[in-house]
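See structure below.
Since every read-out is calculated from the coordinates, none of them should be taken as a lab result. Since the structure is predicted, the reported quantities are computational estimates derived from the model, not experimental observations. So basically every Cβ, Gly included, is an ideal-geometry build from the backbone, and we count neighbours across all protein chains shown.
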Amino acid sequence: MNSGLGTAERDLLRQKFDALPDTPPPREVWERVSAQAEAEGLFRQPFGKQPQHWLVGAGLAAAVLLVAVRLPQPAFDEGSFPTEPVYMAEGDSGSLDALIVQSRLLESDLRALPNKPQVMRGGTAVTISELEDRIAAIDRVLNDRSAGLTDDETKTYWRERVRLMDSLVQVRYVQARRNSL
């Protein structure tokens, strides 16, 4: 740093600074400096310490609670609960070939996403790991020729694999978006 001082002047300034007592300023001096710095926006209180932030958070929580209580709950009877993902109900996408194609497309989408970050949230890491483990377990069953799966069982496994791959792609996509911001 170039302060415009000569060597002798810098040495003299350093000596004078070293000669100052090592005591903190009086409390009222610090309070004035702190108040001035806050007024100028140099110091900011942490989120939640300012009353208006706390009130905004409480109001938002109350609004969400009110909406959750007021929304009508859908009525499902035992036989009408959907067991297949929505994308399986469209057209003839329930066939085995369509499920395999859907699975390959999802794998290609997964490969197109950026690599996993070195550091990630614990919940996200657990979710990704569980999804990958469940997909691997399904792959072991599908690749085991001695399992003797029927056509319906094979379709069920492929349907579950597509559902899990879709979930994995969505979680990884959200993670990639969060890390890009």
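Label points 7 Å out from Cα along the Cβ direction at D109 and E31: separation in nm?
6.0
Could you give the length gained on full extension between E40 and R134, defined as 0.36 nm per residue of separation minus the Cα-Cα distance, in nm?
Working: separation 94, 0.36 × 94 = 33.84 nm, distance 5.48 nm.
Length difference between fully extended and current span is 28.4 nm.
What is the distance, in nm, between label points placed 7 Å from the Cα along the Cα-to-Cβ direction at A58 and at V119?
If labels sit at A58 and V119, their model points lie 3.4 nm apart.
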